[in-house]
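Structure first, then comments.
The values are calculated or read from the model by the stated rules, or taken from the named source; none is laboratory data. None of these values were measured; they are calculated from a predicted model. With ideal geometry, Cβ positions are generated from the backbone for all residues, glycine too; neighbour counts draw on all protein chains shown.
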Amino acid sequence: MVTVIGLSQIRLSHDSRYPWLILIPQINNCSELDDLSFEQQIEVLKASNILSAVLKNCFFPTKLNIAALGNMVKQLHIHHVARFEYDDAWPGPIWGRGDAIVYASDKKKALIALLRRSITNSVYATAN
């Protein structure tokens with residue numbers, strides 16, 4: 001896990017081909033956004049906006065893909081993927097495209113540290 005924003009866990013995808021964060025609201029029996037209360041939806045949107053800003057500021061992607069897919073894992077989770085014109089799947093979707101390349105341990109630790117700092121700075125900036 002990278003960190004927590006509000007009511008959501010933030011996780012880093014194991015696939016190093018794409019800067020890819022997953023926002024997971026920690027609400028039981030929640031598989032769709034409309035399963036959340038209006039206030040919870042706002043909190044999830046705030047967290048999503050923070051992740052979007054972090055990915056843009058850290059990686060300068062060509063495009064940011066955000067998707068709430070739940071075909072394999074029922075729990076609501078929202079993917080935030082930084083995409084580049086030179087990435088393995090561009091311009092198509094990342095799903096089912098090649099095999100994941102896992103992070104080397106040291107690179108994963110460094111990336112998580114960068115993301116935590118960036119998220120903390122973004123959360124602090126949005127609170128003021």
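Things worth noting here:
- Take the conditions (1) surrounded by 15 or more Cβ atoms within 10 Å (Cβ to Cβ); (2) modelled with pLDDT of 95 or more; F60 misses just one of them, which is (1).
- Residue check for N71: surrounded by fewer than 16 Cβ atoms within 10 Å (Cβ to Cβ), in contact with an Asp or Glu (Cβ under 9 Å, 6 or more places away or on another chain) and modelled with pLDDT under 95: no
- Any hit, the range 95-109, residues being at pLDDT 95 or above, surrounded by 14 or more Cβ atoms within 10 Å (Cβ to Cβ) and in a helix (DSSP H, G or I): yes
- Any pair with Cβ under 7 angstrom, 6 or more apart, that starts in the range 87-116 at a residue that is within 15 Å of S13 (Cα to Cα) and ends at one that is at pLDDT 95 or above and of a type in the set (D, E): A100/D15; I101/D15
- Condition met for A82 (at pLDDT 95 or above, within 22 Å of N121 (Cα to Cα) and within 12 Å of the chain's Cα centre (by Cα)): yes
- Leading residue by the ranking (farthest from the chain's Cα centre (by Cα)) among those in the range 27-51 that are at pLDDT 95 or above and of a type in the set (S, T, N, Q): S37
- Residue check, S8 without any contact (Cβ under 8 Å) to a residue 40 or more places away in the chain and surrounded by 17 or more Cβ atoms within 10 Å (Cβ to Cβ): yes
- Test: residue in the range 22-32 that is closer than 23 Å to W95 by Cα, buried (at least 16 other Cβ atoms within 10 Å of the Cβ) and touching a residue at least 60 places away in the same chain (Cβ under 8 Å): no
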